[in-house]
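Student: Got a structure for you, written out below as structure tokens; questions coming shortly.
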Amino acid sequence: MSKKENAAPTTHTSESLFGKVNYTWMLIGLAVIALGLLLMAGGNSSDPAVFDQKEVYSSTRITIAPLLILAGLAIEVVAIFKKPKA
């Protein structure tokens, strides 16, 4: 007899690594990161030849947008490490 005939058939039961709640939180985290990037990018200036210090160094671009990106990354970490309910 060969080894193939004696070997028992193996069954692989693959369980999802993340649950539905994990994926939901991951999508929320990605949305928060995307919002932070959009806020950091800002909008068009009325005249591209003129440097407007208020637009470039606004509190939205300097403070709020980076905090949103960091919050989104924190949400992603929590979503990854959160154990799915059995």
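Readers should treat all values here as calculations from the given coordinates under stated rules, not as data from a laboratory. The structure presented is a predicted model; accordingly, all values stated were derived computationally and were not measured. When we count neighbours, we look across all protein chains shown, and the Cβ atoms used for this are built from the backbone with ideal geometry, even at glycine.
Student: Highest GNM mean-square fluctuation, the chain, Cα pairs closer than 10 Å: which of S58, S46, S16?
Tutor: S46
Student: Assigning unit charges at the beta carbon (Lys, Arg +1; Asp, Glu -1) and nothing else, what dipole magnitude in debye, to the nearest 20, does the chain show about its Cα centre?
Tutor: Here the size comes out at about 560 debye.
Student: Report, to the nearest 10°, how far helix 65-81 tilts away from the longest principal axis of the Cα atoms in the chain, using its own Cα long axis and a range of 0 to 90°.
Tutor: Helix 65-81 and the main axis of the chain meet at about 10 degrees.
Student: Which of V32, V50, V21 ends up with the largest GNM mean-square fluctuation for the chain, with Cα atoms connected below 10 Å?
Tutor: V50
Student: Let me ask something else. On a C-alpha basis, how far is the centre of the range 69-86 from the centre of the range 25-40 in Å? Whole number, if you could?
Tutor: 13
Student: Which residue, chosen from S58, G72, G43, occupies the Cα position most advanced towards the positive end of the dipole of the chain, where the dipole is computed from +1 (Lys, Arg) and -1 (Asp, Glu) charges on Cβ about the Cα centre?
Tutor: Of the options given, the answer is G72.
Student: Work out how much length S16 to L73 would gain on full extension: take 0.36 nm times their residue separation and subtract the Cα-Cα distance, in nm to one decimal.
Tutor: Taking 0.36 nm per residue and subtracting the Cα distance, the gain is 18.3 nm.
Student: Same structure, new question: Cα gyration tensor of the chain, axes a ≥ b ≥ c as square roots of the eigenvalues: rounded (a/c below 1.5), prolate (a/b > b/c) or oblate?
Tutor: Note, shape of the chain comes out prolate.
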